[in-house]
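Read the structure below first, then the notes.
The values are calculated or read from the model by the stated rules, or taken from the named source; none is laboratory data. As the structure is a prediction and not an experimental result, all values here were calculated from the model. Backbone-built Cβ (ideal geometry, glycine too); neighbour counts: all protein chains shown. Quick note on the areas: whole protein, heavy atoms, side chains included, nothing else; ligands and nucleic acids left out. Shrake-Rupley method; radii C 1.70, N 1.55, O 1.52, S 1.80 Å.
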Amino acid sequence: MTESERLFQEAVTLIPGGVNSPVRAFGSVGMTPRFIASAEGAYLTDADGNRYLDYVGSWGPMILGHAHPAVLEKVEEACRKGLSFGAATEAEVDMARLICSMVPSVEMVRMVNSGTEAVMSAVRAARGYTGRDKIIKFEGCYHGHSDAMLVKAGSGVMTAGVPDSSGVPKGCTQDTLLAAYNDISGVEKLFDAFAGEIAAVIIEPVGANMGVVPPEDGFLQKLRRLCTENGSVLIFDEVITGFRLAQAGAQEYFGVEADLTTYGKIIGGGMPVGAYGGKRGIMEVVAPVGSVYQAGTLSGNPVAMAAGLAQLTFLKEHPQIYRRLEELGSQLFGGMRSLCEEMELPYQVNAAGSLGCLFFTPGPVTDYAGAKRSDTKAFARYFRHMLEHGVYLAPSQFEAMFLSAAHTEEDIRRTLDVMRAFFGKR
């Protein structure tokens with residue numbers, strides 16, 4: 001028995017499913033999860049000493065690679081001053097100033113503790129600002145596990161085959177309207193059917209929880225227009241894309257400004273952090289200025305702020321990182337497409353910058369329905385082969401591959417070679 005197997009055997013008696021987040025369980029790929037002991041650069045080492053080339057990156061935060069010296073130094077410095085104060089700190093002001101300086105659409109920002117909390121709070125702010133209740137979300141987009149968002153939410157619920165969640169009262173989702181990703185006519189119909197009732201449209205500007213599904217040309221721009229015309233708040237969930245696709249995230253990458261934006265992952269440098277921000281007039285409805293209540297004992301935690309400040313500052317001072325990530329993405333995902341064409345594989349590769357996904361389906365994947373057609377058994381065989389050959393991927397067809405600045409051309413060549421070996425055995 002390996003050490004990971006031993007740990008999992010004990011964990012299942014103490015933690016539901018043996019894990020603290022469902023997709024970590026490796027259930028959809030028929031394996032025992034690897035328990036990670038350490039990480040550095042683009043590599044993970046598990047409890048048995050096995051070393052893996054990592055394309056998960058803690059599900060996105062590690063854009064500079066694991067244990068980056070600039071981040072570790074600031075975290076260690078902050079820890080020596082105290083782990084939590086429950087009071088205002090200069091670091092919170094510094095973080096707010098930095099985010100606002102990097103994202104033109106963000107004039108004020110509130111720190112929270114997770115992406116789920118950021119989305120929940122942003123939606124509440126949008127409702128408070130507009131005085132309306134209904135929101136539009138898109139099938140396959142995951143916005144955390146708050147009640148109103150667990151409707152065709154992609155990612156972990158897709159992997160488990162559960163479209164919604166038990167324990168969510170019907171009343172919590174009665175004002176959540178569903179549209180198909182990349183289908184602007186469906187959104188227009190909802191605005192027509194519920195004229196004057198829609199508080200907000202919330203979307204992942206790149207769908208990254210049903211695999212990776214980029215927006216079609218003009219789709220985000222048309223959403224912006226519809227929200228403006230109808231007095232609704234456009235919320236971009238940039239928990240994944242924020243500060244990854246560009247310094248100002250997907251809004252810079254696609255040339256569209258949101259009214260509110262939610263953040264997580266990269267802004268914490270690996271620590272638990274979330275944030276929501278946007279136009280001053282909307283953010284000023286939040287307590288203690290306005291009547292929309294939101295609070296958090298550990299919000300703006302000084303250690304988390306130190307990690308996030310270090311990482312965002314490094315990204316701001318080294319903008320060439322984004323060009324580098326684009327190049328690496330072109331090499332990896334372009335190489336995967338070339339491999340599929342060369343070996344006549346009926347599969348799809350979707351990508352946006354340093355995010356990508358190989359779908360085991362012959363048809364284009366432009367929405368939730370297309371992603372669901374994937375052959376998850378074929379993915380499981382592929383996943384096992386890659387892991388056994390030292391390449392660590394997310395254990396789900398419906399998650400993204402994440403590149404970091406620590407990956408190299410040699411890492412990508414090795415990855416493509418391992419893929420080629422798998423498909424050559426078909």
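Any chance region 398-413 includes a residue that's among the aromatic types (F, W, Y), under 25 Å from S4 (Cβ atoms), assigned to a strand (DSSP E or B) and open to solvent by 20 Å² or more (accessible area, probe 1.4 Å)? Lay out the reasoning, then the answer.
Narrowing region 398-413 to residues among the aromatic types (F, W, Y): 398, 402.
Checking the rest, the ones that are also under 25 Å from S4 (Cβ atoms) come to 398, 402.
Now narrow it down to the ones that are assigned to a strand (DSSP E or B): 402.
Those still in the list that are open to solvent by 20 Å² or more (accessible area, probe 1.4 Å) too: none.
Within region 398-413 (the criterion being among the aromatic types (F, W, Y), under 25 Å from S4 (Cβ atoms), assigned to a strand (DSSP E or B) and open to solvent by 20 Å² or more (accessible area, probe 1.4 Å)), the answer is no, since none of the residues qualifies.
Of all the residues that make up region 64-74, how many are surrounded by 18 or more Cβ atoms within 10 Å (Cβ to Cβ) and not charged (D, E, K, R)? Before the answer, list the steps.
We begin by selecting, within region 64-74, every residue surrounded by 18 or more Cβ atoms within 10 Å (Cβ to Cβ); these are 64-66, 68, 71, 74.
Then drop every residue that is not not charged (D, E, K, R), which leaves 64-66, 68, 71.
Adding up the residues that qualify gives 5.
Can you tell me which residue is most open to solvent (accessible area, probe 1.4 Å) among those in region 288-308 that are without any contact (Cβ under 8 Å) to a residue 24 or more places away in the chain and within 17 Å of E92 (Cα to Cα)? So the residue we want is P288.
Tell me, please, whether a residue that is of a type in the set (S, T, Y), in contact with a helix residue (DSSP H, G or I) (Cβ under 6 Å, 6 or more places away or on another chain) and more than 30 Å from R97 (Cβ to Cβ) can be found in region 333-356. Yes.
Selection of first residues in region 318-329 that are open to solvent by less than 60 Å² (accessible area, probe 1.4 Å) and of second residues that are part of a helix (DSSP H, G or I), restricted to Cβ pairs under 7 Å at least 6 apart or on distinct chains, gives the following pairs, ordered by first then second residue: I321/L315; L328/I412.
Take region 340-370 and flag every residue that is of a type in the set (A, V, I, L, M, F, W, C) and either open to solvent by 20 Å² or more (accessible area, probe 1.4 Å) or within 28 Å of A405 (Cβ to Cβ) (or both). Within region 340-370, C340, M343, V349, A351, A352, L355, C357, L358, F359, V365, A369 qualify.
Among the residues of region 109-121, is there at least one that is assigned to a loop (DSSP other than H, G, I, E, B), surrounded by 22 or more Cβ atoms within 10 Å (Cβ to Cβ), touching a residue at least 12 places away in the same chain (Cβ under 8 Å) and in contact with a strand residue (DSSP E or B) (Cβ under 9 Å, 6 or more places away or on another chain)? Spell out the reasoning first.
Step one: list which residues in region 109-121 are assigned to a loop (DSSP other than H, G, I, E, B), which gives 113-114.
Checking which are surrounded by 22 or more Cβ atoms within 10 Å (Cβ to Cβ) leaves us with none.
No; the residues of region 109-121 include none that is assigned to a loop (DSSP other than H, G, I, E, B), surrounded by 22 or more Cβ atoms within 10 Å (Cβ to Cβ), touching a residue at least 12 places away in the same chain (Cβ under 8 Å) and in contact with a strand residue (DSSP E or B) (Cβ under 9 Å, 6 or more places away or on another chain).
For region 169-237, the helices (runs of 4 or more DSSP H) that sit wholly inside it and include 2 or more residues that are crowded, with 17+ Cβ neighbours inside 10 Å and under 25 Å from the mean Cα position of the chain (by Cα) are 184-193, 219-230.
Filter region 48-92 for residues that are among the β-branched types (V, I, T) and in contact with a helix residue (DSSP H, G or I) (Cβ under 9 Å, 6 or more places away or on another chain); which is farthest from N209 (Cα to Cα)? Break it down into steps so the answer makes sense when it comes.
Filtering region 48-92 down to residues among the β-branched types (V, I, T) leaves 56, 63, 71, 75, 89.
Restricting the remaining residues to those that are in contact with a helix residue (DSSP H, G or I) (Cβ under 9 Å, 6 or more places away or on another chain) gives 63, 71, 75, 89.
Values: I63: 18, V71: 27, V75: 30, T89: 34 Å.
So the residue we want is T89.
Within region 48-58, at least one residue is within 24 Å of L298 (Cβ to Cβ) and either in contact with a strand residue (DSSP E or B) (Cβ under 9 Å, 6 or more places away or on another chain) or open to solvent by 30 Å² or more (accessible area, probe 1.4 Å) (or both). When region 99-108 is filtered for residues that are hydroxyl-bearing (S, T, Y) and either free of Cβ contacts under 8 Å to residues at least 40 places away in the same chain or part of a helix (DSSP H, G or I) (or both), only S101 remains. What do you reckon, is A369 more than 14 Å from T32 (Cα to Cα) and either at pLDDT 95 or above or among the small types (G, A, S) (or both)? Yes; evaluated as a whole, the condition is true for this residue. Residues that are touching a residue at least 12 places away in the same chain (Cβ under 8 Å), farther than 30 Å from F379 by Cα and not polar (S, T, N, Q) do occur in region 201-212.
Taking the options G27, G82, name whichever one is open to solvent by 40 Å² or more (accessible area, probe 1.4 Å) and either touching a residue at least 12 places away in the same chain (Cβ under 8 Å) or over 15 Å from G268 (Cβ atoms) (or both). Step through it out loud before you land on a result.
Numbers: G82 fails: open to solvent by 40 Å² or more (accessible area, probe 1.4 Å).
Every option except G27 fails the conditions.
With respect to being surrounded by fewer than 18 Cβ atoms within 10 Å (Cβ to Cβ) and at pLDDT 95 or above, D417 fits the description.
Being at negative phi, open to solvent by less than 10 Å² (accessible area, probe 1.4 Å) and in a strand (DSSP E or B) is a description that does not apply to T241.
When you look at V201, is it within 29 Å of F360 (Cβ to Cβ) and modelled with pLDDT of 90 or more, yes or no?
Numbers: within 29 Å of F360 (Cβ to Cβ): no; modelled with pLDDT of 90 or more: yes.
Criteria not met by V201.
Count of region 44-98 residues, restricted to those that are among the hydrophobic types (A, V, I, L, M, F, W, C), more than 25 Å from G242 (Cβ to Cβ) and part of a helix (DSSP H, G or I), is 1. A250 satisfies every condition listed in (1) within 25 Å of S354 (Cα to Cα); (2) not in a helix (DSSP H, G or I) except (2).
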